[in-house]
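Heads up, the thing below is written out as structure tokens.
The values are calculated or read from the model by the stated rules, or taken from the named source; none is laboratory data. All values derive from a computational prediction rather than experimental measurement. All Cβ positions, glycine included, derive from the backbone under ideal geometry; neighbour counts span all protein chains shown. Quick note on the areas: whole protein, heavy atoms, side chains included, nothing else; ligands and nucleic acids left out. Shrake-Rupley method; radii C 1.70, N 1.55, O 1.52, S 1.80 Å.
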Amino acid sequence: MATERYNPRASEPKWQKAWETAKLFETKNDDPREKYYVLEMFPYPSGRIHMGHVRNYTMGDVVARFQRANGRNVLHPMGWDAFGLPAENAARDNKVNPRDWTYANIETMKGQLKTMGLSLDWAREIATCDPSYYKHQQKLFLDFWKAGLVERKSAKVNWDPVDMTVLANEQVIDGRGWRSGAPVEQRDLTQWFFKITSMSQDLLDGLETLDRWPEKVKLMQANWIGRSEGLQIRWPLDPATTPSGEDQLEIYTTRPDTIFGASFMAIAADHPLAKKAAKNNPELAAFIEEVRHRGTSAADLETAEKKGFDTGIRAVHPFDPDWKLPVYVANFVLMEYGTGAIFGCPSGDQRDLDFARKYNLPVVPVVMPADADAATFVVDDEAYVEDGVMINSRFLDGLKPKDAFDKVADLLGSRATNDQPMAERKVQFRLRDWLISRQRYWGCPIPVIHCDSCGAVPVPANQLPIELPADVSFDKPGNPLDHHPTWKHVDCPQCGKPARRDTDTMDTFVDSSWYFARFTDPWNGTEPTTLPMVDGPKGWLPVNQYIGGIEHAILHLLYSRFFVRALKATGHVNEVKEPFEGLFTQGMVVHETYRRNGGVHVTPAEVNITETDGVRRATLIATGEDVDIGPIEKMSKSKKNVVDPDDIIASYGADTARWFMLSDSPPERDVIWTEAGVEGAHRFVQRVWRLVSEAAPSLAGVAPAHSTDGEAGAVSKAAHKALKAVGEEIARLGFNKAVARIYELTNALQAPLAAAAAGEANAAMRGALREAVEFLLAMIAPMMPHLAEECWSAIGGEGLIAERRWPAFEPALVVDNEIVLPVQINGKKRGDLTIARDADQSAIERATLSLDFVQKALEGRPPRKVIVVPQRIVNVVA
RNA sequence: GCGGGCGUGGAGAAACUGGUAAACUCAGCAGACUUAAAAUCUGCCGCCUACAAUGGCUUACGGGUUCGAUCCCCGUCGCCCGCACCA
């Protein structure tokens, strides 16, 4: 019997409409069922969705539909990370308004997402560029400010000369701006900061509670926060050599144990002492100037020679008033870390050693391997940084470095200089405060007014939101808000005198640091009056499962963790400790690249691939010329190796694209997009439809039932085992393994379903097949929802399969009564033993020893040992 | 330099807590159906012993622990990622 091919173009919109009409995915906050919040990182509205979005949102949708089928009240929203520089660039290049450009893109992309058949609650849709969104963000800024979590300060900051704005530390990758790729410059500017460093320890500690986060991400965050324990030591300065007003130098070290190996002090070029010393020393002043103007790119730092300049100042060793050490200004000491000053111990640090050799400073070994001889141990051109035992260190000799650390800390800690202890234990962090000011237009305005008399004044809450002006010009480089003729001129809210608005906007990462909290209220476009931070036992937060790219391992994921803490400190949330309980970082979508003779990239759509005798060849469809097949790389416009999701959905349907994204590659790894793979996925779509629709008449009206023996029993066992395995795999996001189990079940059902379609199935078989098909459809429903509905309808299923519960497997059917145990002789498999599942050890042993091949191998001798691992294996040691 | 990960057939991969290596998919080969092709169905598909075996070998390479190692330990090689003058 011939069946019509499944037509996704007709079927998919039909079911999308059916779900929408039934309001299936609109979530209610007062639903009594257990909540489950699944979220994918929201997109930037760049214009069109790409395959990375398809992969990300497919995974999230499988989780959402699966949890819904398991009886949870699922929240699965979508929004738009809608502020950002591309809108300004489009405005400049195409003379469009950034707002119009952004909202047009949102419309297009929303339409594209809808063709994917995602189970999203569009009633909660948000765009961060909407005043109804950023109004709350401005209020949060003011609340954070009041709570001491915001600071306006002058600092050395990263300036991106192409995007014409400052950037946060996290947004500088290898010395370049994360968006523009331009080498960043250091500038001293007064800017707004979120005091993320005030949470350093808590952000570090919190990582330990995130047991459903990838270890890799937690490790990256821990390294970024960069905690170290050390000692801050005040070294007296020799008055005869020191400018007046200075009498001590405070340094930070993690190795106070090596204090007797010290041979010099080094301070940063920006250190106050350096500046003072330079006043009467033109050569030093010139050196400081040179250091300040050095390159700051990664390559510059890599090759920069370690250089110093002796200030002439001498420091006095804390344990020996007669021991004087030179104080250098050094180009490798950073003012931003610790105290901007160090002592150098050449024998214990490679960089200090190189410096000492260059300036002929003493090198005294103070730690040696425990088994070395103190009399002969020397440090030549390689510093000794391992653990060991103290030498040449007076009263520390013989101690372990760790104990020497404590002894120095205790001794100096109890000794006073200038009424202060000479040393204090200090924990240092590498993390810097989050610079959020951006000299750009298309962002959330910072709600502050600068007044000559009152300083920086918060905009009163009842004047929020401070909206962006619509009439801006992008003709001039720089900040359009600053160039606007009238917008910034306002009166001071405090004294009423003429004042100026802050013309900077907030980093767009601020927008995305709390959007997950904004979804918790179904607002349907109606403005809620309060911040919708639903929290506590009935609340939505934290997100149960968050899915997105690894590129946000530090940036967005660290900022969001800070934000939840700040929201708590300001009373916006009460109980939630972390924003994302479970995090999954999915891999990229990659594709072969193609280049014409001459190196110009061409798109996959323009080439034709043939394979003869195992050799793949690519030709340009238009001209027939040969094209070079290049490496597999992340889909990108520049490499032209992109495949448009619209084209795929138009020709194969959304289910095929979804199934391909879930098959084969583990979700955390990159997936290689291939035409053959997509066709394979589509073949499976057609195969399921063919099998189910052809057997449908013989299964109509049949009550699902399982059998325990015979061919029907085999069908039931296959179905129940698959149901169990697929449920477990989806729950742990093992989509590729779930797909493999579904293929296995389909293969097992192939012949029985064909027989049933031919009218050759008895009642028991029809019952088993009916149940098996219902299971199969339940399993594919989260992954290929449209196909599942079409098949469900074909077998006369009631209602929508999207509303049905995940079926329960029968425990008795997923275990076999008779099992086949592999039998090894001396660790090599030599045969099988078929035996009852519950057979005890001695029964298995007896049965094994009576096997022909075992007796032959033993040649009449008793075995040395028989190892029986229940339900796994038997090993006979001959 | 520091920190982390990975390495399994022609390709993507699977293998639970140390227990049958290669499930499942793609590509390929053969057959059935067909006048033919497509589609579909069935079978084969790590390497070697010219063929074949419940022969031997095989999870980057070399060693170790174990009755048994893709998995644990030591060493070597290769690839990838993050951080990087952090005191």
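Summary of computed values
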item: Yes/no for A:E290 being open to solvent by 70 Å² or more (accessible area, probe 1.4 Å), assigned to a strand (DSSP E or B) and either farther than 19 Å from A:R432 by Cα or within 16 Å of RNA strand B (Cβ to nearest atom) (or both); result: no
item: Filtered residues of segment A:830-855 (kept if near RNA strand B (Cβ under 10 Å from one of its atoms), part of a helix (DSSP H, G or I) and open to solvent by 70 Å² or more (accessible area, probe 1.4 Å)); result: A:D852
item: Hits in segment A:719-740 (condition: surrounded by fewer than 22 Cβ atoms within 10 Å (Cβ to Cβ) and either more than 25 Å from A:T585 (Cβ to Cβ) or within 11 Å of RNA strand B (Cβ to nearest atom) (or both)); result: A:K721, A:K724, A:A725, A:E728, A:E729, A:R732, A:G734, A:N736, A:K737, A:A740
item: Filter result (within 14 Å of RNA strand B (Cβ to nearest atom) and over 15 Å from A:S263 (Cα atoms)) within segment A:368-388; result: A:D381, A:E382, A:Y384, A:V385, A:E386, A:D387
item: Any hit, segment A:571-593, residues being without any contact (Cβ under 8 Å) to a residue 12 or more places away in the chain and part of a strand (DSSP E or B); result: no
item: Filter pass, A:W235 being out of contact with any Phe, Trp or Tyr (no Cβ under 6 Å at 6 or more places or on another chain), within 16 Å of RNA strand B (Cβ to nearest atom) and either touching a residue at least 24 places away in the same chain (Cβ under 8 Å) or basic (K, R) (or both); result: yes
item: Candidates A:A650, A:A700, filtered to the one that is surrounded by fewer than 18 Cβ atoms within 10 Å (Cβ to Cβ), over 24 Å from A:R48 (Cβ atoms) and away from RNA strand B (no atom under 11 Å from the Cβ); result: A:A700
item: Residue within segment A:669-677 that is in contact (Cβ under 8 Å) with a residue 40 or more places away in the chain and more than 23 Å from A:T610 (Cα to Cα) present; result: yes
item: Number of the exception - A:W323 against (1) assigned to a loop (DSSP other than H, G, I, E, B); (2) within 26 Å of A:A409 (Cα to Cα); result: (1)
item: Checklist (1) of a type in the set (S, T, Y); (2) out of contact with any strand residue (DSSP E or B) (no Cβ under 7 Å at 6 or more places or on another chain); (3) within 16 Å of RNA strand B (Cβ to nearest atom) applied to A:T585, failing item; result: (2)
item: Identity of the residue in segment A:812-829, without any contact (Cβ under 8 Å) to a residue 24 or more places away in the chain and assigned to a loop (DSSP other than H, G, I, E, B), that ends up farthest from RNA strand B (Cβ to nearest atom); result: A:N817
item: Residue match in segment A:674-688 (condition: surrounded by 15 or more Cβ atoms within 10 Å (Cβ to Cβ), more than 7 Å from RNA strand B (Cβ to nearest atom) and closer than 28 Å to A:V217 by Cβ); result: no
item: Within segment A:856-877, tally of residues that are charged (D, E, K, R), near RNA strand B (Cβ under 10 Å from one of its atoms) and part of a loop (DSSP other than H, G, I, E, B); result: 2
item: Tabulated pairs, segment A:57-84, first under 13 Å from A:E40 (Cβ atoms), second assigned to a strand (DSSP E or B) and of a type in the set (K, R), C-beta under 7 angstrom, 6+ apart or interchain; result: A:L75/A:K35
item: Boolean, A:A754 is modelled with pLDDT under 95 and surrounded by fewer than 16 Cβ atoms within 10 Å (Cβ to Cβ); result: yes
item: Hits in segment A:697-706 (condition: part of a helix (DSSP H, G or I) and either touching a His at 6+ places or on another chain (Cβ under 7 Å) or farther than 17 Å from A:A751 by Cβ (or both)); result: A:P697
item: Only listed residue being open to solvent by less than 10 Å² (accessible area, probe 1.4 Å), more than 30 Å from A:A91 (Cα to Cα) and polar (S, T, N, Q), chosen from A:S393, A:S414, A:S453; result: A:S393
item: Verdict on A:E798 being open to solvent by 20 Å² or more (accessible area, probe 1.4 Å), closer than 20 Å to A:T21 by Cα and either touching a residue at least 40 places away in the same chain (Cβ under 8 Å) or of a type in the set (G, A, S) (or both); result: no
item: Selected residue (criterion: surrounded by the most Cβ atoms within 10 Å (Cβ to Cβ)) from residues of segment A:340-367 that are part of a loop (DSSP other than H, G, I, E, B) and near RNA strand B (Cβ under 7 Å from one of its atoms); result: A:G340
item: Within segment A:178-209, tally of residues that are within 13 Å of RNA strand B (Cβ to nearest atom) and part of a strand (DSSP E or B); result: 1
item: Residues of segment A:479-502 classified as open to solvent by less than 20 Å² (accessible area, probe 1.4 Å) and assigned to a loop (DSSP other than H, G, I, E, B), total; result: 4
item: Count - residues of segment A:424-469 that are under 25 Å from A:S154 (Cβ atoms), free of Cβ contacts under 8 Å to residues at least 40 places away in the same chain and either part of a loop (DSSP other than H, G, I, E, B) or of a type in the set (D, E) (or both); result: 0
item: Identity of the residue in segment A:565-610, within 18 Å of A:K639 (Cα to Cα) and polar (S, T, N, Q), that ends up modelled with the lowest pLDDT; result: A:N597
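Residues checked against (1) closer than 26 Å to A:V576 by Cα; (2) within 16 Å of RNA strand B (Cβ to nearest atom):
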position: A:Y6; (1), (2): no, yes
position: A:K14; (1), (2): no, no
position: A:K23; (1), (2): no, no
position: A:P45; (1), (2): no, no
position: A:N56; (1), (2): yes, no
position: A:G60; (1), (2): yes, no
position: A:V63; (1), (2): yes, no
position: A:F66; (1), (2): yes, no
position: A:G71; (1), (2): yes, no
